[in-house]
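Here, each number is a calculation from the coordinates, and none is a lab measurement. These numbers come from a predicted model, not from an experiment. We place every Cβ from the backbone using ideal geometry, glycine too, and count neighbours over all the protein chains shown.
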Amino acid sequence: MEDVSPLKHTPLHALHLSRGARMVPFAGYDMPVQYPEGVLKEHLHTRTAAGVFDVSHMGQILVRPKSGKIEDAALALEKLVPVDVLSLAEGRQRYGLFTNATGGILDDLMIVNRGDHLFLVVNAACKDADFAHLKNGLGSLCDVTMLTDRALIALQGPRAGAVLCELWADVASMRFMDVAEADLHDVSCIISRSGYTGEDGFEISIPTEAAVDVTQRLLEHPDVLPIGLGARDSLRLEAGLCLYGNDIDTSTSPIEAGLEWAIQKSRRADGERAGGFPGADRILAEFTHGVSRRRVGLKPEGRAPVRGGVRLFADAEGNTAAGTVTSGGFGPSVDGPIAMGYVDAEHAETGTRLFAEVRGKFLPVAVSALPFIKQTYKR
Amino acid sequence: MLKFTEEHEWLKIDGDVATVGITEHAAGQLGDLVFVELPEAGSTFSKGDTAATVESVKAASDVYCPLDGEIVEANQAIVDDPSLVNSDPQGAAWFFKLKLADPDAAKALLDEAAYKELVA
């Protein structure tokens, strides 16, 4: 049956409409997929200047230790994520994953140490489940609160730093994954130097009542265009970043997904806090014994895009299955089709030639290193 | 004779050959095209068959054969430069020429006024 519940609006909904956005349903929200400039121009503008994205549909969750000690919140959260949260310094952010008992991925998220509490940003489609999962897992030790009174925007691109600097000069001292609280337009915002495009940039949590003002201030800058979900997807794909629900889900382990780097040494076998997260048996065993399939980049040799769901074969006749594409499309900066997907370990080496079944043809694709573009984070 | 389909194709019919493309409305809805796949000359299609494929950054879409017929020519220019479909969809960016099995069948298609009403 079709879902007929009304779509939710972010605090920037009217602003999107006033900018001529084409709106689509996404994770229960009415969201801009593109503006009149179009996906191609929006994508390229983000890579050469700066773009503003509305990501207010994502979940913003506070985890506050009842003891008042941030270590207690960090250790409690470590029971749900294979991440070293304890060593995360105040004012720093780290990528994380909620795993399940079988070592699959429930969601991916950002974890911030805000001094006396943790601040989490989770995917829109998973936020209610994540919130329940956190309440259930940490509720006895921490107060878990979903923030419903804040918008979230991303400012991304090589000009992002200069643009934000005009509202708040101290931004220049921030490095990749730093998080600071700052007044933008006389409103207290939480700013992290991070994003989902492969570019330098910022993600800014803004109180709802000031969201339009701050966003409009950024959009007034001649270097800045509003960017929709269409370009957000092509930008993250070029950057080799996973989209939850496409490239990672409950059927994929962090090791299969190539996300070992998100599991710090302290949580691996022989680490000081080894294991102790859901699915640790499988995930730690995969560090030692390897996996039967891996997430890889895929570069089609021709011009035809190869999209999510397309099957991959080791031979041009389609006799030997080799894997499946999970995300694919056209990379405007690469100026050609790009994709990622899971392939059997024996086909995962960079340079391996595979064949993608598209409309009855078997198109050659090369296993390719990720990302497809050079990331330009300010480290 | 200029005709249209509810699937947003236009046909410019000259004798028993129709030049077929997608409408300005369709091109606008699809957004920036990055790939076009056209049928080979000599191939035959029934009305409603998928005759061509267009892809934007985000998605692939089928272009249907508007009537029964045989492809006599495909427009290589839009394969070489798919953005032509966005800039001149009802002119230089025609897709293929179709030799109609039954030219009279075209009479049942929409005229320009009816199509404009459809997309209004």
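Observations on the model:
- Taking amide H as placed 1.01 Å from N in the peptide plane, the amide H of B:A52 sits under 5 Å from that of B:V63, each at least 5 places away or on another chain.
- Proxy reagent accessibility, fewest Cβ within 10 Å first, across A:D130, B:D104, A:D54: B:D104, A:D130, A:D54
- Shape class of segment A:292-379 from the alpha-carbon gyration tensor: oblate, with a/c at 1.5 or above and b/c at least as large as a/b.
- Lys/Arg +1, Asp/Glu -1 at C-beta; segment B:2-103 dipole; positive extreme among B:V79, B:G28, B:G48: B:G28
- Net dipole in debye of the protein assembly as shown [+1 Lys, Arg Cβ; -1 Asp, Glu Cβ; about Cα centre; nearest 20]: 1480
- With a 10 Å cut-off around each Cβ of A:357-370, the average count of Cβ atoms from other chains is 1.
- About the Cα centre, charge dipole magnitude for segment A:13-123 (Lys/Arg +1, Asp/Glu -1 at Cβ), debye: 160
- Each 10 Å bin from 0 upward holds the following percent of the Cα-Cα pairs of chain A: 5, 23, 32, 27, 12, 2, 0.
- Among the listed pairs B:K3/B:K47; A:K127/A:K378; A:K299/B:K97, those with a Cα-Cα distance over 26 Å are A:K127/A:K378; A:K299/B:K97.
- Shielding by partners, peptide B:55-65 (average Cβ within 10 angstrom, other chains): 5
- Ranking B:A101, A:G161, A:Y342 by Cα position along the charge dipole of the protein assembly as shown, where only Lys, Arg, Asp and Glu carry charges on their C-beta atoms, puts A:G161 farthest toward the positive end.
- Charge dipole of segment B:2-103 (Cα centre as origin; +1 on each Lys and Arg Cβ, -1 on each Asp and Glu Cβ, all else neutral): 140 debye, rounded to the nearest 20.
- Options A:T99, A:L44, A:L138, ranked by Cα towards positive dipole end of segment A:1-158, top entry (Cβ charges): A:L44
- Nonlocal amide H pairs with B:E73, under 5 Å, H built at 1.01 Å: B:K97
- A Förster radius of 41 Å combined with the Cβ-Cβ distance from B:K107 to A:V24 puts the calculated FRET efficiency at roughly 0.65.
- One Cα centroid belongs to segment A:165-213, the other to segment B:21-92; the line between them spans 44 Å.
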